[in-house]
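So the structure is just underneath, and the comments pick up after that.
Nothing in this text is a laboratory measurement; each read-out follows from the coordinates by a stated rule. Quantities reported herein were computed from a predicted structural model and do not represent experimental measurements. Please note: Cβ atoms are built from the backbone with ideal geometry, for glycine as well, and neighbour counts cover all protein chains shown.
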Amino acid sequence: MIVTLLKALIIGIVTVPLSLLAVLAGQLQKSGRMYHAIARGWLGFILWIYGIRVTIRGVEFLDPSKQYIYVSNHASMFDIPAVITVIPDQIRIVFKREITQVPFFGWAMKYGSYVIIDRAHAKDAMKSLENAAEKLSQGQSVLLFAEGTRTMTGKLQPFKRGAFTLAVKTGMPIVPVAVNNTFGILPKGSKNVQPRDITVVLDKPIAVPESDGKEVELLLMNEVHKAIEKNYIEQS
């Protein structure tokens with residue numbers, strides 16, 4: 001317990017200046033590259049201090065000259081550090097508004113180059129997708145957790161349509177992302193970190209049909225769910 005508290009204290013001390021630096025970077029450089037670099041460094045530090053190693057498979061499927069919509073499962077708060085630190089891309093996370101209420105860290109997220117989504121209000125949620133579409137048009141990629149919230153059981157949950165509405169709207173290919181072995185590190189509601197090695201598996205990008213509409217979105221959602229399910233290891 002003492003070691004856990006000490007690590008949390010160190011992370012807190014590091015988070016304060018880095019959060020302020022990230023806010024400054026987010027305001028000064030609209031491309032978000034500096035902000036993303038700070039985020040990667042900070043998240044990498046968190047993984048390191050907890051002794052968590054992350055490996056990635058499927059990088060060969062990515063074309064550095066293209067933008068993607070990354071769609072991932074969500075089992076733990078450590079999914080974000082895992083994905084951001086190992087995927088070699090300028091990724092902008094689409095995250096829920098509640099996170100902005102967290103002191104320093106949340107403020108850095110709010111005033112940075114990532115995208116806030118408010119699922120409680122449909123109009124605001126659609127505006128968030130428009131913001132994500134703008135990031136894609138600027139040469140950046142985006143990351144969405146299609147389950148909407150973290151799994152409580154370690155099993156893959158049904159997906160929500162937001163990521164697929166964005167894909168159909170922009171025509172950008174989707175990269176299915178399976179994040180394995182994070183559920184036991186810090187399950188939802190727990191404060192006790194249990195270090196485990198994480199594996200991030202990227203599948204082949206899935207092209208978006210030229211047609212649009214709800215049926216196309218649902219078909220795309222089903223295809224991506226199957227791709228992630230194929231690489232996902234149920235956790236407990």
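Cα-Cα over 24 Å: which of Lys155/Lys226; Lys7/Lys155; Lys30/Lys110; Lys30/Lys204? Intermediate values should be presented prior to the final figure.
On the way: Lys155/Lys226 13 Å; Lys7/Lys155 29 Å; Lys30/Lys110 14 Å; Lys30/Lys204 30 Å.
Over 24 Å apart, Cα to Cα: Lys7/Lys155; Lys30/Lys204.
Going Cα to Cα from Lys230, which aspartates and glutamates come in below 19 Å? Please leave out same-chain ones fewer than 8 positions away.
Partners found: Glu60, Asp79, Glu147, Asp203.
Report for region 2-231 the percent antiparallel among DSSP-assigned beta bridges with both residues inside it, nearest 5. Before the final figure, lay out the partial values.
On the way: 5 of 23 bridges.
If we restrict to bridges inside region 2-231, about 20 percent are antiparallel.
Per q in 0.07, 0.11, 0.13, 0.16 Å⁻¹, report the Debye log10 I(q)/I(0) for the chain, using one uniform scatterer on each alpha carbon and no solvent.
Relative scattering, expressed as log10 I(q)/I(0), comes to -0.21, -0.54, -0.77, -1.20.
Could you work out how much longer the chain between Ala8 and Ser137 gets when fully extended? Use 0.36 nm per residue separation minus the Cα distance between them, nm to one decimal.
Details: separation 129, 0.36 × 129 = 46.44 nm, distance 3.80 nm.
Length gained between Ala8 and Ser137: 42.6 nm.
Given 0.36 nm per residue, what is the gain on full extension from Asp118 to Thr100 after removing their alpha carbon distance, in nm? Working shown, then result.
Details: separation 18, 0.36 × 18 = 6.48 nm, distance 1.11 nm.
Here the answer is 5.4 nm.
Could you size up the charge dipole of the chain around its Cα centre, putting +1 on the beta carbon of Lys and Arg and -1 on that of Asp and Glu, and report it in debye to the nearest 20?
Values: 27 positive and 19 negative charges, 121 e Å.
Dipole about the Cα centre, nearest 20: 580 debye.
Placing +1 on the Cβ of each Lys and Arg and -1 on the Cβ of each Asp and Glu in region 2-231, which of Ile49, Met172, Leu62 has its Cα farthest towards the positive end of the resulting dipole?
So the residue we want is Ile49.
Taking the Cα atoms of region 141-188, report the difference between the largest and smallest coordinate on each principal axis, in whole Å and largest first.
The Cα atoms of region 141-188 stretch 36, 17, 13 Å along the principal axes, largest first.
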